[in-house]
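Have a look at the structure below, then the notes.
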Amino acid sequence: MRGLTVHLLGRPTLTQPSGAGRALRGRKSWALLTYLLLTRHPPSRAHVSSLLFADANDPLRALRWTLAEIRRGLDGAATIGGDPLRVQLAPGTTVDVAVVTEAPWQEAVDLPGLGAELLEGMSIQRAPAFEPWLLSEQRRVQAASEAVLHEAALGSLSRGRLHQGLEYAARAASMNPLEESHHALLIRLYRLAGDHAAADEQLRRCTELFATELGSAPGPAVQAAMRVSPAREGHVDPDAVAAMVEAGSAATAAGSASAGIQSLREAVALSDSSGPEQLRIRARLVLAEALIHATGGLDEAGLEMLYEADEIAARGSDRASMSQARAELGYVDFLRGRYSRAVHWLESSLRCAGDSAALNGKATMYLGGVASDRGDYPSATILVERAIALSQEARQPRAEAFALSLAGRIALVRGDLGTAEACLDESIALAERDHWLAFLPWPQALRGEVELTRGETAWAQARLRQAFARACQLSDPCYEGAAGRGLGLLAEATGQTEDAFRLLAEARRRCTRLSDAYVWMEASILEALSRLGVRHDHPHAAQWVEELHRVASRAGMQEFVVRSLAYAGQLGQEGAHDAATLMSTQIDNPALRRMLELSRNAG
């Protein structure tokens, strides 16, 4: 039974099932309700009082009055109380932001406020610590709205509804014109619809925009979209199509990505007229994996295959294939920093995985990566440890090595260098035993940072240089960025400050040269630039701090948001350090607490 709807997108309002709407009295009532609904962990009353009512004569009394106003407005649709404050929504109560971040795209895309700003036009007076939090959430929710429209376009494409997909893709592109993947999808849809003139015009607009705003040309994703054509029918024996799939898979595994992908594309086209549903699904899943895990910026084409595979598998109730497709969809959203959508897909993958250790392990591992990126380290640790155990049970050393690298990164970020060393050494050893050379630069770069943190600069230099050389041989943007970041920090630690800034700027350029870059890595490099920029009074420090806040806020990387605010406070931004301190209480990281103490003293 449908109940009250809480609209926080656009101008906030409360809507009854009858359509009648009402508002809360006072902007701080809306601010408090929004904070309680969106903050990660239930906050203490003292915390909320400091955040919103620090200027009141009696902050706790002001909080009690505002809570009473919220309860009146919700009229039984939720209970709010306790210390820490917890919100329990009544059955049937809907919060529009939760729909955008958690619901299937089919439901989210119909929200009337999709794409509107969170608490639009609402400024909260005399709450300087709240404003940075609100800005962060506005950026995060806006990014989630974009992700929903992108999903809706791909989902419509998988169902053959090209014109509907075009509408959604155009809306996504208008929300964020500098996002290359939106343009690539829009061009792809025009090409599949046979409207080549519209595709050409979209390419022209995209090229002009990127040249003017970014000083660069569109990347491989857009160029690949321009080569798309409607599928041509043919007939080949299903056994021959299956052999093409195996040959394409073997070719990509052996390093011949272009030849393998071409063979797999042909297999997908032929499977539609020559094979059973299971062959159609397998051909798409194998092609998607090749496109996504290659380093050519082809995630967008891989996503199309995943949506189609999931659609076919769902019609046939093939839950194992649904789990596989949804895990990979979650992985791509994880890389792109679309964490709420990643969680949606990965939890769905787990629900379809049954008792398969391999399928459960993959989805759990990616969920651990999401939690780690967001700064939720207790959850990340639990998930990654479970992923390691499942990978061992499934006898998948590569998945185990990946999960161990995540465990090592969590420990490194939290300052637990002993655990980081053990996990990363084991990850490297597993990868070497399984001849997974394409993965090695990642744990090696992290291992180099462990040595650097200890002050062992000679050992750090050896590891980081090896990681960087291997990453460059592979032409992997993420790994080049990870090793380049370490080399930049190493240069600063050895007194080569100018080289440090040059190496970090180059690391950022390398890790973002393709549209499907790992967004956390860019934020990590921006954090290093911001930290060193503030420390050395660099003229671009304020710009880097703002860029860090923008990137981290859109994704919901809470630790990087806090760090950006701490650096902004050191640069003199009013209320920034207080906001950082308040927001940091939701992050379990001793290293972050030490950093905040140092930054307050430095400020």
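Given (1) under 27 Å from the mean Cα position of the chain (by Cα); (2) surrounded by fewer than 16 Cβ atoms within 10 Å (Cβ to Cβ); (3) modelled with pLDDT of 95 or more, where does residue 473 come up short, assuming only one miss? The one condition residue 473 does not meet is (3). Please work out if residue 148 is within 16 Å of the chain's Cα centre (by Cα) and in the same structural domain as residue 51 (by TED's automatic domain parsing). Spelling it out, it is not the case that residue 148 is within 16 Å of the chain's Cα centre (by Cα) and in the same structural domain as residue 51 (by TED's automatic domain parsing). Reported count of residues in segment 188-218, each being part of a loop (DSSP other than H, G, I, E, B) and surrounded by 14 or more Cβ atoms within 10 Å (Cβ to Cβ), is 3. Among the residues of segment 15-32, those that are free of Cβ contacts under 8 Å to residues at least 40 places away in the same chain and surrounded by 11 or more Cβ atoms within 10 Å (Cβ to Cβ) comprise 15, 16, 17, 21, 32.
All conditions but one from (1) over 22 Å from residue 342 (Cβ atoms); (2) modelled with pLDDT of 95 or more apply to residue 325; the one that does not is (1). Collect the residues in segment 423-444 that are among the small types (Gly, Ala, Ser) and either in contact (Cβ under 8 Å) with a residue 40 or more places away in the chain or not in a helix (DSSP H, G or I) (or both), keeping them in residue-number order. Scanning segment 423-444 gives a single hit, 438. Per the listing 583, 595, the residue uniquely in contact with a helix residue (DSSP H, G or I) (Cβ under 9 Å, 6 or more places away or on another chain), among the aliphatic types (A, V, I, L, M) and crowded, with 24+ Cβ neighbours inside 10 Å is 583.
Per the conditions (1) among the polar types (S, T, N, Q); (2) in contact with an Asp or Glu (Cβ under 8 Å, 6 or more places away or on another chain); (3) buried (at least 22 other Cβ atoms within 10 Å of the Cβ), the sole criterion not satisfied by residue 515 is (3). Determine, yes or no, whether residue 516 is within 29 Å of residue 291 (Cβ to Cβ), touching a Ser or Thr at 6+ places or on another chain (Cβ under 9 Å) and acidic (Asp, Glu). Yes; evaluated as a whole, the condition is true for this residue. Can you find a residue in segment 265-275 that is surrounded by fewer than 21 Cβ atoms within 10 Å (Cβ to Cβ) and not in a helix (DSSP H, G or I)? For segment 265-275, residues surrounded by fewer than 21 Cβ atoms within 10 Å (Cβ to Cβ) and not in a helix (DSSP H, G or I): absent. Identify, please: which residue in segment 374-405 is under 18 Å from the mean Cα position of the chain (by Cα) and in a loop (DSSP other than H, G, I, E, B) and is, among those, surrounded by the most Cβ atoms within 10 Å (Cβ to Cβ)? Per the criteria, the residue is 375.
Let's see how each residue does on (1) over 21 Å from the mean Cα position of the chain (by Cα); (2) not acidic (Asp, Glu):
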{"site": "101", "(1), (2)": "no, yes"}
{"site": "112", "(1), (2)": "yes, yes"}
{"site": "117", "(1), (2)": "no, no"}
{"site": "121", "(1), (2)": "yes, yes"}
{"site": "130", "(1), (2)": "yes, yes"}
{"site": "136", "(1), (2)": "no, yes"}
{"site": "139", "(1), (2)": "no, yes"}
{"site": "142", "(1), (2)": "no, yes"}
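When you check residue 491 against the structure, is it in contact with a Ser or Thr (Cβ under 8 Å, 6 or more places away or on another chain) and either of a type in the set (A, V, I, L, M, F, W, C) or closer than 19 Å to residue 443 by Cβ (or both), yes or no? So residue 491 passes the test.
In segment 31-89, the residue that is nearest to residue 371 (Cα to Cα) out of those that are at pLDDT below 90 and among the charged types (D, E, K, R) is 40.
Yes or no: segment 494-513 includes at least one residue that is within 23 Å of the chain's Cα centre (by Cα) and in a loop (DSSP other than H, G, I, E, B). Scanning segment 494-513 turns up at least one residue that is within 23 Å of the chain's Cα centre (by Cα) and in a loop (DSSP other than H, G, I, E, B). Of all the numbered requirements in (1) modelled with pLDDT under 95; (2) under 19 Å from residue 175 (Cβ atoms), residue 148 misses one, and that requirement is (1).
The values are calculated or read from the model by the stated rules, or taken from the named source; none is laboratory data. Keep in mind the model is a prediction, meaning the values are calculated, not measured. With ideal geometry, Cβ positions are generated from the backbone for all residues, glycine too; neighbour counts draw on all protein chains shown.
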